[in-house]
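A short write-up of the structure that comes next.
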Amino acid sequence: MTVRFAGLELANPVIAASGTFGYGIEFEEIVALDRIGAFVTKGLSREPMAGNEAPRIVQTAAGMLNAIGLQNIGVAEFVEKKLPELKRYPKSKVIVNVFGYKVEDYLAVIERLNDADGIVAYELNVSCPNTHQGGMTFGADPGSLEYLVAKSKSVAKRPLIVKLSPNVTSIAQMARIAALAGADTISLVNTFVSMAIDAETRQPTIRNVTGGLSGPAIKPIALRMVYEAAKAVTIPILGMGGIVTAEDAVEFLLAGATAIQVGTASYADPRAVERLVKELESWCKSHDVEKVASLTGGLQIPWKT
């Protein structure tokens, strides 16, 4: 079940996605933190952020719409209060999601984290659609993405994962830009900008009007984007988007992902990440797959030469 990317070795390819797993320690009585491949923290900013006003989550057909707005405690409090608690789980792999409004904000967060112990990598959030600045502003503009990734790589003392936005014309182009600018790995996809309306009140169902769509509804699009990105770059890919079952995870691996992230499924089942580890291992055994890593990029298209 071991997978390797960007100099890291994970016990298995199942990672809890950012924004769905708190800061990790909140799940210690629910999930065995050292049995999952890794987890990604909530996006951390230079200063604490209150996020958007409620209502900011609504269920949709086969998914969920959210506009949390990157509410978080800020990098300083994470380092001082959350990170020390995670030392109780020395085998767990902690990836920190980094967010900023400006390039300088991203760099300040990374520099603060550089001196902290217990972190294995950074995930650069250039794809959140639920803030008025930063996030998707960088992920949707080639020049801005290149500049931010290059600057972040220049200061980061740990592997840099760049989380790409699906709200672009060409995911392959953005993947190439991130890779050429220095990304060690890319993760995709984040949520799709969407909207829900209450027909009775004739009002948007969330205060922000638009939000990010996630869950099984986006899986086919996410799969296609992982496949396109995998053909465009040689760096590893972390795939995500509607993964609920072991079969879902296998599909993303076959499309080109080295590992996968699980997000919305944890809202319906807080133990989803740990469950998927067991189910994926069982799937590999039942299909005579000796190494899960051998599935990466294994999609077969027999009618295509």
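Numbers at a glance
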item	result
Condition check for residue 205: touching a strand residue (DSSP E or B) at 6+ places or on another chain (Cβ under 8 Å) and under 19 Å from residue 18 (Cα atoms)	no
The stretch 42-52: number of residues that are touching a residue at least 60 places away in the same chain (Cβ under 8 Å) and assigned to a loop (DSSP other than H, G, I, E, B)	4
Qualifying residue in the stretch 138-157 (condition: of a type in the set (D, E, K, R), within 18 Å of residue 100 (Cα to Cα) and under 17 Å from the mean Cα position of the chain (by Cα))	no
Criterion (out of contact with any Cys (no Cβ under 6 Å at 6 or more places or on another chain) and buried (at least 18 other Cβ atoms within 10 Å of the Cβ)) met by exactly one of 179, 268, 199	179
Answer residue from the stretch 198-244, given it is hydroxyl-bearing (Ser, Thr, Tyr) and more than 17 Å from the chain's Cα centre (by Cα) and is nearest to residue 68 (Cα to Cα) among those	210
Number of the exception - residue 301 against (1) within 20 Å of residue 3 (Cα to Cα); (2) surrounded by fewer than 18 Cβ atoms within 10 Å (Cβ to Cβ)	(1)
Among residues of the stretch 154-188, those that are within 20 Å of residue 4 (Cα to Cα) and either part of a loop (DSSP other than H, G, I, E, B) or acidic (Asp, Glu) (or both), counted	7
Test: residue in the stretch 245-256 that is assigned to a loop (DSSP other than H, G, I, E, B), touching a residue at least 60 places away in the same chain (Cβ under 8 Å) and either open to solvent by less than 10 Å² (accessible area, probe 1.4 Å) or among the β-branched types (Val, Ile, Thr) (or both)	no
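The values are calculated or read from the model by the stated rules, or taken from the named source; none is laboratory data. As the structure is a computational prediction, the values presented were derived from the model and not from experiment. Glycine gets a Cβ as well: all are built from the backbone with ideal geometry, and neighbour counts include every protein chain shown. Ligands, DNA and RNA are excluded from the accessible area calculation, which covers all protein heavy atoms including side chains. Shrake-Rupley method; radii C 1.70, N 1.55, O 1.52, S 1.80 Å.
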